[in-house]
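Reading through the structure tokens given below for one structure.
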Amino acid sequence: MLTLPREPRTDDELWWLIYAMFGIKLPRVSVCPDHVSPFEAVAHAFFGREPNFAVWYASRGSGKSLALAVLGLVKAFVRDIDVTILGGSMTQSLNVREHMRKLMAAKNAPMYAVAKDQATLIQMSTGKAIKPLPASQTTVRGPHPPLQLLDEVDEMEWEIYNASLGQAMEQMNAHGQVIEEYIVASSTWQNPEGTFTKVIESSRERGLPVFTWCWRELLQPHGWMSQRFIDNKRKTVSAQMWHTEYDLNEPAAGSRALDLDKVAEYFVDYPPTLSEVHKGNGDHDEYVWENPVAAGLYAVGADWAKEQDKTVIAVVRYDVQPYRLVKLIRINRRPWDYMIGRFNEVTQDYQAVAEHDGTGVGNVVNDYVDYSDTTSKFVMVGRARTQMLLDYITDFEHGAYRMPRIPANPAHPSVTADPMYRAHRAITVADVYAPGKWNSHLPDDFAAMALAHRALKKLPAPSRHDGTVPKSAAPRKADAQFHTEPDAFSTVSSGGVTIVDERYGGGSQYLVGPDGSPDMWEAMSL
């Protein structure tokens, strides 16, 4: 058992105490200009340095919740005080509590001083307690601990955050010491119009400390993150997420959510084998690039019309790599039975899994949707909505899709040219991070694609539909035209002429017969 003759008085003593109690070596090196180490933020709060409030603004995955757990435990046990934990949701509050549970499993952790150890309570033998709280007006106004830990402030409602600031109050401990109040407001910064934006701006205006650190402060040898982990993480998140949540660039409401270079690269002219069939006049348009194939696997996403929007139904084929859009329906407001009927028909025709917007009126629509075993609704609000959009953005930017360019139609000037391409270019960071809103400002076509992506991602990865085992990692010849790699394959056809067509990925080649018609769609190794 670890015995303390007295409380730590210096930063060095505190660092060694944390290491001795919990086996955690909190990073102490600041790398970037104007950044601090995580330990510096913890020390400021432990010693209750003025102004008794600090913002912790750090990268996703940079140990914010762990640092909060360390701070809460060491200050609660060493200084004998109450502590509350308030997250953007009860799940986030319990996330900090889970870190505490793991820390208390350390060899020298002060389990001897614990009277109760429950999921929502750590009570000490002196009567003081650590409590995770749900984000509600009732709970945030009740307890008055000296130490208040706020986690993921960006996902809190402003009213709840504001009300919670009245919690922290000074308190006398069992040793007769008066411990002054201290508040930590910790978060990543995602939403340019969210609560954390107001917190940051207010703190800067009033000269309150904003302790900032990113992944560089966590890198080995001074931290616990490896360069390999960072490199892999950068490959698996969207460019915008890396820009704001890892490199800590402030989110701008008007900034694009998608890398526009990737949008330009992955929207292509579909080859002649997938010829577009368009019917419509701008009021009700249908585009078909591929009719149902018996061995194909398909997913459907539907975004229902609001007051001024269109109902958009997108069909994606996902047993091929990259995935491709094979049908698109765009309908101005019609009777609900008609629009739902088209959704049911498409789902049946393609024998598809499907997801539709269940927000608001979509919840009623769900009662009239057929094939409930393969179709589900998704309520597009809150964190789940943001995560769904980020999942689609991340996979899109990493080459999971090839999408068709839709040219203007001179015969029908009212038909929107390239609606899907425009939607992908138009979506902004503010559109993605709108946790309390419907998707009223989300581009309809983008929403339909994100819903289709969610539908297909809920299923196991498809096996090769022809039942064969690939001999190499190279694309199948039916899909080669969707790959932009310059080292794709080919075969030679007698009597044919090899030509290069830059439309299909820049460097792809295909064979044509003597009459100029496509003879075989196989890219040739260059």
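The values are calculated or read from the model by the stated rules, or taken from the named source; none is laboratory data. Being a predicted model, the structure only gives us computed values, none of them experimental. Every residue, glycine among them, receives a Cβ derived from its backbone with ideal geometry; neighbour counts consider all protein chains shown.
Within segment 245-303, work out how many residues are more than 27 Å from His356 (Cα to Cα), of a type in the set (A, V, I, L, M) and crowded, with 16+ Cβ neighbours inside 10 Å.
1
State the number of residues belonging to segment 39-83 that are under 20 Å from His144 (Cα atoms) and of a type outside the set (Val, Ile, Thr).
Count: 21.
Being assigned by TED's automatic domain parsing to the domain that holds Trp16, part of a strand (DSSP E or B) and surrounded by fewer than 18 Cβ atoms within 10 Å (Cβ to Cβ): is that true of Ala105 here?
For Ala105, the condition - assigned by TED's automatic domain parsing to the domain that holds Trp16, part of a strand (DSSP E or B) and surrounded by fewer than 18 Cβ atoms within 10 Å (Cβ to Cβ) - is not met.
So that you can scan it fast, the table gives a plain yes or no per residue for (1) at pLDDT below 95; (2) within 32 Å of the chain's Cα centre (by Cα); (3) buried (at least 18 other Cβ atoms within 10 Å of the Cβ):
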| site | (1), (2), (3) |
| --- | --- |
| His99 | no, yes, yes |
| Ile130 | no, yes, yes |
| Thr138 | yes, yes, no |
| Glu152 | yes, yes, yes |
| Trp158 | yes, yes, no |
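Is it the case that some residue within segment 251-261 is modelled with pLDDT of 90 or more and outside any loop (DSSP other than H, G, I, E, B)?
The answer is no; no qualifying residue exists.
For (1) without any contact (Cβ under 8 Å) to a residue 12 or more places away in the chain; (2) in the same structural domain as Pro192 (by TED's automatic domain parsing); (3) touching a strand residue (DSSP E or B) at 6+ places or on another chain (Cβ under 9 Å); (4) in a loop (DSSP other than H, G, I, E, B), each residue gets a yes or a no:
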{"residue": "Ile122", "(1), (2), (3), (4)": "no, yes, yes, no"}
{"residue": "Ile130", "(1), (2), (3), (4)": "no, yes, yes, no"}
{"residue": "Ala135", "(1), (2), (3), (4)": "no, yes, yes, yes"}
{"residue": "His144", "(1), (2), (3), (4)": "no, yes, yes, yes"}
{"residue": "Leu150", "(1), (2), (3), (4)": "no, yes, yes, no"}
{"residue": "Ala163", "(1), (2), (3), (4)": "no, yes, no, no"}
{"residue": "Gly166", "(1), (2), (3), (4)": "no, yes, no, yes"}
{"residue": "Met169", "(1), (2), (3), (4)": "no, yes, no, yes"}
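What is the one condition in (1) without any contact (Cβ under 8 Å) to a residue 40 or more places away in the chain; (2) among the hydrophobic types (A, V, I, L, M, F, W, C); (3) touching an Asp or Glu at 6+ places or on another chain (Cβ under 7 Å) that Ala257 does not satisfy?
That leaves (1) as the condition not met.
Going by the conditions given, is Glu276 of a type in the set (Asp, Glu) and in the same structural domain as Asn291 (by TED's automatic domain parsing)?
yes
State which residue is modelled with the lowest pLDDT when the search covers only segment 407-456 and only residues that are of a type in the set (Asp, Glu) and part of a helix (DSSP H, G or I).
Asp431
Going through segment 219-254 one residue at a time, which ones are within 16 Å of Asp395 (Cβ to Cβ), touching a residue at least 60 places away in the same chain (Cβ under 8 Å) and among the polar types (S, T, N, Q)?
Thr236, Ser238, Gln240
What pairs come out if I take residues in segment 52-80 that are hydroxyl-bearing (Ser, Thr, Tyr) and pair them with residues that are part of a helix (DSSP H, G or I) whose C-beta lies under 6 Å away, six or more apart or interchain?
Every condition considered, the pairs that remain are Ser59/Trp215; Ser59/Tyr246; Ser62/Trp215; Ser62/Leu218; Ser65/Asn95; Ser65/Val96; Ser65/His99.
Does at least one position in segment 30-39 carry a residue that is within 28 Å of Glu201 (Cβ to Cβ), of a type in the set (D, E, K, R) and either buried (at least 17 other Cβ atoms within 10 Å of the Cβ) or more than 32 Å from the chain's Cα centre (by Cα) (or both)?
Scanning segment 30-39, I find no residue that is within 28 Å of Glu201 (Cβ to Cβ), of a type in the set (D, E, K, R) and either buried (at least 17 other Cβ atoms within 10 Å of the Cβ) or more than 32 Å from the chain's Cα centre (by Cα) (or both), so the answer is no.
Only one residue in Arg216, Arg206, Arg228 is modelled with pLDDT of 90 or more, surrounded by fewer than 15 Cβ atoms within 10 Å (Cβ to Cβ) and farther than 26 Å from Thr428 by Cα, so which one is that?
Exactly one of Arg216, Arg206, Arg228 is modelled with pLDDT of 90 or more, surrounded by fewer than 15 Cβ atoms within 10 Å (Cβ to Cβ) and farther than 26 Å from Thr428 by Cα, namely Arg228.
I want to confirm something. Restricting to segment 262-283 and keeping residues that are assigned to a loop (DSSP other than H, G, I, E, B) and of a type in the set (Gly, Ala, Ser), which single residue is nearest to Phe211 (Cα to Cα)?
Top of the filtered list is Gly282.
Which of the numbered conditions does Val78 fail, given that it passes all the others? Conditions: (1) closer than 21 Å to His175 by Cα; (2) part of a loop (DSSP other than H, G, I, E, B).
(2)
Looking for something buried (at least 22 other Cβ atoms within 10 Å of the Cβ) and in contact (Cβ under 8 Å) with a residue 60 or more places away in the chain - is there at least one such residue anywhere in segment 6-22?
yes
Restricting segment 318-331 to residues that are touching a helix residue (DSSP H, G or I) at 6+ places or on another chain (Cβ under 7 Å) and outside any strand (DSSP E or B), which is surrounded by the fewest Cβ atoms within 10 Å (Cβ to Cβ)?
Pro322
May I ask you to list the residues in segment 284-317 that are in contact with a Phe, Trp or Tyr (Cβ under 7 Å, 6 or more places away or on another chain) and assigned to a loop (DSSP other than H, G, I, E, B)?
Those that are in contact with a Phe, Trp or Tyr (Cβ under 7 Å, 6 or more places away or on another chain) and assigned to a loop (DSSP other than H, G, I, E, B): Trp289, Pro292, Leu297.
Please work out if Gly254 is in the same structural domain as Asp431 (by TED's automatic domain parsing) and either closer than 17 Å to Tyr401 by Cβ or under 23 Å from the mean Cα position of the chain (by Cα) (or both).
No, not satisfied.
What is the one condition in (1) modelled with pLDDT of 95 or more; (2) part of a loop (DSSP other than H, G, I, E, B) that Ser186 does not satisfy?
(2)
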